1. Any residue that is outside any helix (DSSP H, G or I), of a type in the set (S, T, Y) and at pLDDT 90 or above - is there at least one of those in segment 485-498?
2. Of the conditions (1) farther than 30 Å from R252 by Cα; (2) part of a strand (DSSP E or B); (3) touching a residue at least 60 places away in the same chain (Cβ under 8 Å), G391 clears all except one; give me its number.
3. If a residue must be of a type in the set (V, I, T), at pLDDT 90 or above and closer than 22 Å to G406 by Cα, how many such residues does segment 244-279 contain?
4. Taking the options P349, P319, P328, name whichever one is surrounded by fewer than 17 Cβ atoms within 10 Å (Cβ to Cβ) and touching a residue at least 40 places away in the same chain (Cβ under 8 Å).
5. Within segment 294-313, can you find the residues that are polar (S, T, N, Q) and outside any strand (DSSP E or B)?
6. Just to be sure before I move on: is V354 outside the structural domain of R472 (by TED's automatic domain parsing), at pLDDT 95 or above and within 22 Å of G180 (Cα to Cα) in the structure I sent?
7. Would you point out which residue out of L155, L86, L124, L113 is buried (at least 16 other Cβ atoms within 10 Å of the Cβ), touching a Pro at 6+ places or on another chain (Cβ under 9 Å) and not hydroxyl-bearing (S, T, Y)?
Amino acid sequence: MRILDTLARSAWLYPDHAAVAVVGGPAVSYFELHRRALALAEFLRSRGIRRGDRIALLADNGLVYFDLVTAAAAVGAAVVPISTKLVGDEIRFIVADSAPALGVADDRHVGDLRAAAGSEFPLLTVDDDEYVRAVSGPPLERAHTDKVDESDTALILYTSGTTGRPKGVCLSQRALTSNGLTLCLVQRQRPTDVFMTTTPLYHAAAGTRVVSMLTDGQTHVVLPSFDVPGFLDAVREHRVTSTVLVPTQLQRILDAPELDVADLSSLRLIVYGAAPSAAGLAARAMTRLGVGMYQGYGLTEATTNLTALLPEDHTDGVPGRLDSCGRPVPGVMLELRNDAGEPVPVGQPGEIWVRADKIMSGYWNAPELTAEVMRDGWLCTGDLARLDEAGYLYIVGRSKEMLISGGVNVYPREIERVLELHPAVVEAAVVGVPDDRWGEVPVAFVQTAGPGVVTVEELLSLCEAHLSRIKRPTAVHVMRELPRTAVGKVRKVDLQTAVPS
């Protein structure tokens, strides 16, 4: 299904329902969001945006994400959200790689996008009168929307990998609307439900819900930034029924003294994830908050949600069940395979392969990388797991060495590449270590050309200049030699055990 059709259906059936409500900002009904989408789509068409073009977006959480994703989809263009936490080199790479025909930014970030894209790059600023006119103008004619297909790319989400080089994950309109139908079913959403986003909308988990929450009249409340008092106030004021929290957020809520007097009576479901293990935290939340808990496994390349550990799974008393990330959601075929691509027996570890309408079309402008992970319609995730007899999935490792810090995917190779920019560094190795606040944090080890040729302060400054804060190592250890295997590979397991939590 196409994104505009999804929005049009909800606008027809629930015209007066609130579609989007930004905490402390604007709120629009489904009728109004549909009107704004068609008006902005006509503006984009008049500016020369055509099917297959890309539009870069650099902005804080706000209505612009909903305006732009739906409007771009109406003309068959793709939105490229850029993290507001990125610095100059990181933004420049994404702009150069995706080659957008237009950039959209808010006042706070327009300078960053201009600096990355160049003075001649066409830009639309959300806070200017031109944007107000763009979402208030005449609608796009149906003759133009009829040319758009559900296979057209709607979002390109950049994610790093083991190479340290960001890749653009292409998600089609079909993938995003299919994800919406899946979430409606497994999270038992109703048209009267109110979902709240607490994380940045440029992040895959939140950004894909820009479309998925349009499926059947639900209200999408957007929290501009997270803090515990603001979260609790928003739940009460907007009568929020469900939300997604990364474990660090959930931990802060459970520890907050304000929780004792908070009104959370409307809240029925908390979706949590983005940590190697959060079983103990989920059990504590069920006791303290009295709400249903939902957890799942997913990745950007599969429009996030692939499995579901339902509320009843959290309370069925089966030993070890909370260590699982659930069973495959409807519409997802999941298998575990060995290195030869053959299915493994129940209980044995294997690589997760998935097949679904939700999986990506491929990596932007990277056919070789796409071919490495897409085989005969299957997505090879690189993650290792085992299945039990009942079909519950248990993650046992990440073959891509990714770590998760504060709910954000951090890839060691990206940090290592920066450290190796210093001429005195022979090789760098980054590992994730447990952290009470962030779940995991990166710690770096470097082998140098000799003693005293570089200081820890110099290396930390190098990381500060090239990496966003969440990716910067919390410590750098200078070593004469990195521990290695017989064939010369760095033994990262030795490095992890050498660092206290």
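1. Within segment 485-498, none of the residues are outside any helix (DSSP H, G or I), of a type in the set (S, T, Y) and at pLDDT 90 or above.
2. Failing condition for G391: (2).
3. Counting residues in segment 244-279 that are of a type in the set (V, I, T), at pLDDT 90 or above and closer than 22 Å to G406 by Cα gives 4.
4. Numbers: P319 fails: touching a residue at least 40 places away in the same chain (Cβ under 8 Å); P328 fails: surrounded by fewer than 17 Cβ atoms within 10 Å (Cβ to Cβ).
Answer to the selection: P349.
5. T300, T303 - these are the residues of segment 294-313 that are polar (S, T, N, Q) and outside any strand (DSSP E or B).
6. yes
7. Selected residue: L155, the only one of L155, L86, L124, L113 that is buried (at least 16 other Cβ atoms within 10 Å of the Cβ), touching a Pro at 6+ places or on another chain (Cβ under 9 Å) and not hydroxyl-bearing (S, T, Y).
Conditions (1) surrounded by fewer than 20 Cβ atoms within 10 Å (Cβ to Cβ); (2) farther than 22 Å from K358 by Cα, marked per residue:
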site	(1), (2)
S225	yes, yes
D233	yes, yes
I253	no, yes
G273	no, no
P311	yes, yes
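The values are calculated or read from the model by the stated rules, or taken from the named source; none is laboratory data. This one's a predicted model, so the numbers in the text were calculated from it and none came from an experiment. So basically every Cβ, Gly included, is an ideal-geometry build from the backbone, and we count neighbours across all protein chains shown.
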